[in-house]
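Input: a single structure, listed below in structure tokens.
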Amino acid sequence: MAEPTRAEVDSLTGATLLEFGASWCGHCQAAQPAIVEALKLFPQVRHIKIEDGKGRRLGRSFHVKLWPTLIFMKDGIELNRLVRQIPPQELNTSLQSITTA
């Protein structure tokens, strides 16, 4: 899947998790088990994994500086983000916040 544009992300409806990182990033790799497990509990959440790096416009538009950066959105609006350290309880709480009315 091609990287979405900022306009496309902003126009998404419903619950969306944007995950910015890089396949070679140790912090990103370490966070994967917690992310995968949490998403199993919230199958209604759209998960968009974005390979980030120098010159990548979408990451810059969200001011991503460290990986992984998880951005929790509802109807195109950012409600929360977790950066670098991804505590499972905070991950679940953030996912819950974008799935409730």
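The values are calculated or read from the model by the stated rules, or taken from the named source; none is laboratory data. From a predicted model like this one, the values you see are computed outputs, not experimental measurements. All Cβ positions, glycine included, derive from the backbone under ideal geometry; neighbour counts span all protein chains shown. Each accessible area value is taken on the protein alone, full model and side chains, heavy atoms only, with ligands, DNA and RNA left out. Shrake-Rupley method; radii C 1.70, N 1.55, O 1.52, S 1.80 Å.
Here are several values of Cα Rg over 2.2 N^0.38 Å: (i) 1.39; (ii) 0.99; (iii) 1.12. Which one was derived from the coordinates shown?
Given (i) 1.39; (ii) 0.99; (iii) 1.12, the calculated one carries the label (ii).
Where the accessible area of the stretch 1-51 is counted over protein heavy atoms with a 1.4 Å probe, how much of it, in %, is carbon and sulfur?
61
Taking a probe of 1.4 Å, how large is the accessible area per residue of the stretch 32-101, in Å²?
On the way: 4150 Å² over 70 residues.
For the stretch 32-101, the solvent-accessible area averages 59 Å² per residue.
With the chain treated as a Gaussian network of Cα nodes joined by springs under 10 Å, which of Lys65, Lys54, Lys74 yields the largest mean-square fluctuation?
Looking only at Lys65, Lys54, Lys74, the largest GNM fluctuation is found for Lys54.
Contour minus end-to-end for Thr99 and Glu3, with contour as 0.36 nm per residue of separation and end-to-end as the Cα-Cα distance?
32.2 nm
Relative to the present Cα-Cα distance, how much length would full extension add between Asn92 and Glu78 at 0.36 nm per residue of separation? Don't skip to the end; give the middle numbers.
Values: separation 14, 0.36 × 14 = 5.04 nm, distance 1.60 nm.
Length gained, Asn92 through Glu78: 3.4 nm.
How large is the helix-only mean residue ellipticity at 222 nm for the chain, computed as the sum of -39500 (n - 2.57) over DSSP H runs with n ≥ 4, divided by its residue count, in deg cm²/dmol to the nearest 500?
Working: 4 runs with 38 residues, N = 101.
Per the formula, -11000 deg cm²/dmol.
With an 8 Å cut-off on Cα pairs and a minimum separation of 6 or more residues, tell me the relative contact order of the chain in percent.
Taking the mean separation of contacting Cα pairs over the length of the chain, I get 39 percent.
For the pair Ser23 and Glu37, how long in nm is the line joining their label points, each one 7 Å along Cα→Cβ?
That separation, rounded to one decimal, is 2.6 nm.
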